[in-house]
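Engineer: One structure, as structure tokens, below. Some questions next.
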Amino acid sequence: METYWNHNTAFHNFLIADVKKRGGRVLDIGCGDGLLLHRLAPFVDRAVGIDPDENAIERARQRLAMAPNASLVHGDFLDRPVPSESERYQTITCVAALHHMELRTALIKMRQFLAPGGKLLVVGLSANKSVMDYVHSGLLVLPIRVMDRLHGGMRDIGVRIAEPQESLSEIRQAANEVLPGARIRRRFYYRYLLSWVSSI
């Protein structure tokens, strides 16, 4: 299957470089058609993706057919049982999927799936609610249009979309309560990056 570029795949190289530092087991929540998982598989012992969209999972199966260390789960991440300690993950990635779930519940569950010393990496979307939110988004309109043109434009890959409900401030508050010490930074393409390392 072909690769493509959009505002989410723009972060793939960063995520891959970070995952490579730890290797081990990686879980990609909201894996969609498996593009990130396919790119991560060569650098980890085990790559697992989960997504509730049956059509996306089927496309992911085709993409990962030649990746023996990759596996897929069709279902809702929030319904998954917490794994045993030996089956937890050194890295969890979640790209443009957290806003499809109840925020605090999802963060708590992600924390439970991480191995000691493991790292959570969320590339997410937030709602504009404050003046600062609107100013920041407004300043990005022109440079993002330029980058879209340089990359040949955005591509509709046929996955479910949803509008974010929480502002960045609300996401920060939830993360501070559930993941003490989490770092959240605004990034390009109307995204934020949340990173958190579990206690050893």
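The values are calculated or read from the model by the stated rules, or taken from the named source; none is laboratory data. Keep in mind that what you see is a predicted model, and the values were worked out from it rather than measured. Positions of Cβ are generated from backbone atoms using ideal geometry, with glycine treated the same way; all protein chains shown enter the neighbour counts. Keep in mind that these areas ignore ligands, DNA and RNA; they rest on the heavy atoms of the full protein, side chains included. Shrake-Rupley method; radii C 1.70, N 1.55, O 1.52, S 1.80 Å.
Engineer: What nm distance separates the two modelled labels at residue 104 and residue 58, each placed 7 Å from Cα along Cα→Cβ?
Structural biologist: 3.9 nm
Engineer: Distance between Cα centroids, the range 5-50 to the range 97-137: provide it in whole Å.
Structural biologist: 17 Å
Engineer: Any idea of residue 169's accessible area? Nearest 10 Å², probe 1.4 Å.
Structural biologist: 80 Å²
Engineer: How many nm separate the modelled label positions at residue 187 and residue 46, each set 7 Å beyond the Cα in the direction of the Cβ?
Structural biologist: It works out to 2.6 nm between the two label points.
Engineer: If you don't mind, another one. Once fully extended, how much extra length lies between residue 137 and residue 10, figured as 0.36 nm per residue of separation less the alpha-carbon to alpha-carbon distance?
Structural biologist: Taking 0.36 nm per residue and subtracting the Cα distance, the gain is 44.0 nm.
Engineer: Please list the helices of the chain that count as membrane-span-like by this rule: a mean Kyte-Doolittle hydropathy of at least 0.5 together with Cα atoms stretching 18 Å or more along the helix axis, each helix being a complete DSSP H run.
Structural biologist: 131-150
Engineer: Something else: Just to confirm, what accessible area per residue do you get for the chain at 1.4 Å probe, in whole Å²?
Structural biologist: Counting only protein heavy atoms, the per-residue value for the chain is 51 Å².
Engineer: Please calculate the 1.4 Å probe accessible area of residue 184, with all protein chains present, and give it to the nearest 10 Å².
Structural biologist: 20 Å²
Engineer: Right, here's the next one. Stokes-Einstein diffusion coefficient for the chain at 25 °C in a medium of 0.890 mPa s, Rh from the Kirkwood formula over Cα pairs: what value in µm²/s?
Structural biologist: 142 µm²/s
Engineer: Over the chain, what is the mean sequence separation of C-alpha contacts under 8 Å (at least six apart), divided by residue count, expressed as relative contact order in percent?
Structural biologist: 21 percent
Engineer: Using only the C-alpha atoms of the range 92-200, find the volume of their convex hull and express it per residue in Å³.
Structural biologist: So the per-residue hull volume is 108 Å³.
Engineer: Please list 123, 146, 73, 131 from largest to smallest accessible area, probe radius 1.4 Å, with all protein chains kept in place.
Structural biologist: If we order 123, 146, 73, 131 from most to least accessible, we get 131, 146, 73, 123.
Engineer: Rounded to the nearest 500 deg cm²/dmol, what is the calculated helix-only ellipticity per residue at 222 nm for the chain, with -39500 (n - 2.57) per DSSP H run of length n ≥ 4?
Structural biologist: It lands at -10000 deg cm²/dmol.
Engineer: Next up: Could you sort 11, 43 by accessible area so the largest value comes first, with the probe set to 1.4 Å?
Structural biologist: Heavy-atom accessible area, descending, gives 43, 11.
Engineer: Continuing with the same structure: Once fully extended, how much extra length lies between residue 163 and residue 69, figured as 0.36 nm per residue of separation less the alpha-carbon to alpha-carbon distance?
Structural biologist: Length gained, residue 163 through residue 69: 30.5 nm.
Engineer: Note the full-extension length gain between residue 148 and residue 2 as 0.36 nm times their separation in residues minus their Cα-Cα distance, in nm to one decimal.
Structural biologist: 50.7 nm
Engineer: So for 132, 66, what's the accessible-area order with a 1.4 Å probe, most first?
Structural biologist: Heavy-atom accessible area, descending, gives 66, 132.
Engineer: Percent of accessible area on the chain owned by carbon and sulfur, 1.4 Å probe?
Structural biologist: Taking all protein chains in place, the chain shows 51 percent carbon and sulfur surface.
Engineer: Hey, what does the equivalent ellipsoid look like for the range 61-129, semi-axes from the Cα gyration tensor as sqrt of 5 times each eigenvalue, largest first, whole Å?
Structural biologist: Calculated on Cα positions only, the semi-axes equal 22, 17, 12 Å.
Engineer: Just the accessible area for residue 145, please: 1.4 Å probe, Å², rounded to the nearest 10?
Structural biologist: Looks like 150 Å² after rounding.
Engineer: With bins 10 Å wide starting at 0, give me the P(r) of the range 39-158 over every alpha carbon pair, in whole percents.
Structural biologist: Bins of 10 Å from zero give 10, 32, 33, 21, 4 percent of pairs.
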